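The values are calculated or read from the model by the stated rules, or taken from the named source; none is laboratory data. Just so it is clear, the structure is predicted and the values come from calculations on it, not from any experiment. Cβ coordinates were reconstructed from backbone atoms using ideal geometry, including for glycine residues, and neighbour counts include every protein chain displayed.
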Amino acid sequence: EDPLVASKMATGFIKGVQRHHVGTSIKHFLANNQETRRMTSSSNIDERTLRELYLSAFEGAIKKAKPWTVMSSYNRVNGEYVGDSKHFLTDIFT
């Protein structure tokens, strides 16, 4: 998927739903690309690819549309569980 298109589509959807006072949750953040062993796998991604392909769609939607929640993925990224990671859940967009 193209990150720019994904970001614009998600932003429009989130704003449209939340305009009616209904919360949205975007998921699965981050690099959730497989169903098999997704709770134990690690997506090993270099920083540039991570930022340009995986983060940019989420970043645009989060900053522009402000969804009520973001659900983390079950997998690890570069060996670190996303759901346990302050870096991925809090610091990555600052």
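Listing for the model above:
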item: One residue from Ala61, Ala65 being over 13 Å from the mean Cα position of the chain (by Cα), modelled with pLDDT of 95 or more and within 29 Å of Arg19 (Cα to Cα); result: Ala65
item: Residue count, segment 57-88 (criterion: touching a strand residue (DSSP E or B) at 6+ places or on another chain (Cβ under 9 Å) and either in a loop (DSSP other than H, G, I, E, B) or touching a residue at least 60 places away in the same chain (Cβ under 8 Å) (or both)); result: 8
item: Residue check for Ile45: farther than 24 Å from Val22 by Cβ and under 14 Å from the mean Cα position of the chain (by Cα); result: no
item: Total residues in segment 46-76, condition under 21 Å from Leu4 (Cα atoms) and buried (at least 17 other Cβ atoms within 10 Å of the Cβ); result: 12
item: Conditions (1) modelled with pLDDT under 95; (2) under 11 Å from the mean Cα position of the chain (by Cα); number of the one not met by Arg37; result: (2)
item: Residue match in segment 72-85 (condition: more than 20 Å from Thr40 (Cβ to Cβ) and more than 11 Å from the chain's Cα centre (by Cα)); result: no
item: Segment 13-56, residues that are free of Cβ contacts under 8 Å to residues at least 12 places away in the same chain and on the phi > 0 side of the Ramachandran plot; result: His21, Arg37
